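Notes for the one structure printed next.
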Amino acid sequence: MRTALLATVILLGPLAACADGAARATDPSAPTATVDAAGAVDATPAGLAAAVIGHLDRWEVVEASGGVTDMEDTRELGVDLRLRDAGHRNRLSIQAPDPDYLPGDREVEPCEDEGRVESEEGTVECRTLPDGSTVQLASSPFGFSDDNEDGSAAVVMVSGPARELTIIWETWGADASLSEDVLMEIAGDPLVGWTTSPANNAAGERIEAFRTQDRVDRDGEEGYDESTPDTQPAP
């Protein structure tokens, strides 16, 4: 499982770039209560960021960006957060596909073994959520980036009938890390994803200097769109 999750990071490619200057979460305590289908709304990029920031008690958000990537055969919401803790460089990225683009006939692979296993090579964990979704985590004692010799990284993937989510965490500090418990907590929050609560979207509007940039590319014909993306800054 760990190998598959780490390979996902390579396939995802570069994450969204952040804005110059600092971004501050003036109200980082975004609510994390459940919301029924009638109360759910499409998350704005900043609203998704607020839902995640609500789980980051001791972390300072110094940069935040995100947007919707709308391609020929996929649509997803992505957010990139740069965090500061004890002066270290840290990065947390979240990608949430539009449920309308998820294959209707796909099967959710159940956990082979519930729970967490830790070793010198890192941590692997699989949990089944109440709605039947699975959450899989794989962490490693080394970073993904070429310039990260002293840090560590982790990937968490949520797969369910109506919700998918990928969380990528990387720290450049030898002693600074976002715990696996917090990553699993974020993954298990039903308000972290393509849909969220109106309160989270409102909290996102209070994140200072949040940069929103959508990538729209509808020029392709059938199959994978290899045309040059049309960059469309969101209003």
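What to note about this one:
- The residues on offer are Val135, Val156, Val117, and the sole one that is assigned to a strand (DSSP E or B), more than 24 Å from Asn90 (Cβ to Cβ) and either under 17 Å from the mean Cα position of the chain (by Cα) or modelled with pLDDT of 85 or more (or both) is Val117.
Let's see how each residue does on (1) modelled with pLDDT under 70; (2) under 21 Å from Arg215 (Cβ atoms); (3) of a type in the set (S, T, N, Q); (4) touching a Pro at 6+ places or on another chain (Cβ under 8 Å):
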residue	(1), (2), (3), (4)
Ala17	yes, yes, no, no
Asp20	yes, yes, no, no
Thr32	yes, no, yes, no
Val68	no, yes, no, yes
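- Residue match in segment 91-101 (condition: closer than 21 Å to Glu208 by Cα, part of a loop (DSSP other than H, G, I, E, B) and either of a type in the set (Asp, Glu) or modelled with pLDDT of 50 or more (or both)): no
- Of Thr123, Thr166, all but one fail to be of a type in the set (Ser, Thr, Tyr), under 19 Å from Leu191 (Cα atoms), under 20 Å from the mean Cα position of the chain (by Cα) and part of a strand (DSSP E or B); the exception is Thr166.
- A single entry from Val68, Val52, Val124 fulfils the requirement of being closer than 25 Å to Asp150 by Cα and crowded, with 16+ Cβ neighbours inside 10 Å: Val124.
- In segment 167-179, the residues that are closer than 18 Å to Gly54 by Cβ and either aromatic (Phe, Trp, Tyr) or surrounded by fewer than 21 Cβ atoms within 10 Å (Cβ to Cβ) (or both): Trp169, Ser179
- Gly132 satisfies every condition listed in (1) more than 27 Å from Val68 (Cα to Cα); (2) without any contact (Cβ under 8 Å) to a residue 40 or more places away in the chain except (1).
- Qualifying residue in segment 95-112 (condition: of a type in the set (Ser, Thr, Tyr) and either surrounded by fewer than 21 Cβ atoms within 10 Å (Cβ to Cβ) or farther than 19 Å from His55 by Cα (or both)): yes
- Taking (1) in contact (Cβ under 8 Å) with a residue 40 or more places away in the chain; (2) closer than 16 Å to Ser93 by Cα in turn, Asp175 satisfies each apart from (2).
- Pairs with Cβ under 6 Å, 6+ apart, first in segment 111-129 and over 15 Å from Met157 (Cα atoms), second in a strand (DSSP E or B): Val117/Val124; Gly122/Ser139; Gly122/Ser140
- Residue, nearest to Arg89 (Cα to Cα), within segment 34-49, restricted to residues that are in contact with a Leu (Cβ under 7 Å, 6 or more places away or on another chain) and either at pLDDT 80 or above or buried (at least 23 other Cβ atoms within 10 Å of the Cβ) (or both): Ala49
The values are calculated or read from the model by the stated rules, or taken from the named source; none is laboratory data. This is a predicted model, so every value here is computed, not measured. In this analysis, Cβ positions are derived from the backbone assuming ideal geometry, glycine residues included, and neighbour counts consider all displayed protein chains.
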